[in-house]
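Every read-out reported here was derived from the displayed coordinates using simple, explicitly stated rules and does not represent laboratory data. Only a predicted model underlies this, so the values are computations on that prediction, with no experimental measurement involved. With ideal geometry, Cβ positions are generated from the backbone for all residues, glycine too; neighbour counts draw on all protein chains shown.
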């Protein structure tokens with residue numbers, strides 16, 4: 001995925017209150033702030049892991 005697309009997606013997630021960020025000079029670190037989003041992502045990861053076995 002192109003960097004501009006990732007940036008646009010992260011920007012939208014921030015507007016929706018799902019992620020926040022910290023800037024370290026030119027580096028931006030994003031983190032989930034929504035526990036609901038974290039739960040959904042964990043579930044997707046777990047399903048993918050089960051499918052890979």
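For segment 24-53, what are the residues that are more than 21 Å from residue 6 (Cβ to Cβ) and either in a loop (DSSP other than H, G, I, E, B) or touching a residue at least 12 places away in the same chain (Cβ under 8 Å) (or both)?
53
Considering only residues of segment 8-22 that are more than 11 Å from the chain's Cα centre (by Cα) and in a helix (DSSP H, G or I), which is surrounded by the fewest Cβ atoms within 10 Å (Cβ to Cβ)? Even if it seems obvious, please write down each step before you answer.
At the first step, the residues of segment 8-22 found to be more than 11 Å from the chain's Cα centre (by Cα) are 8, 15-17, 22.
Next, only the ones that are in a helix (DSSP H, G or I) stay: 8, 15.
Working: 8: 11, 15: 9.
Ranking the qualifying residues of segment 8-22, first place goes to 15.
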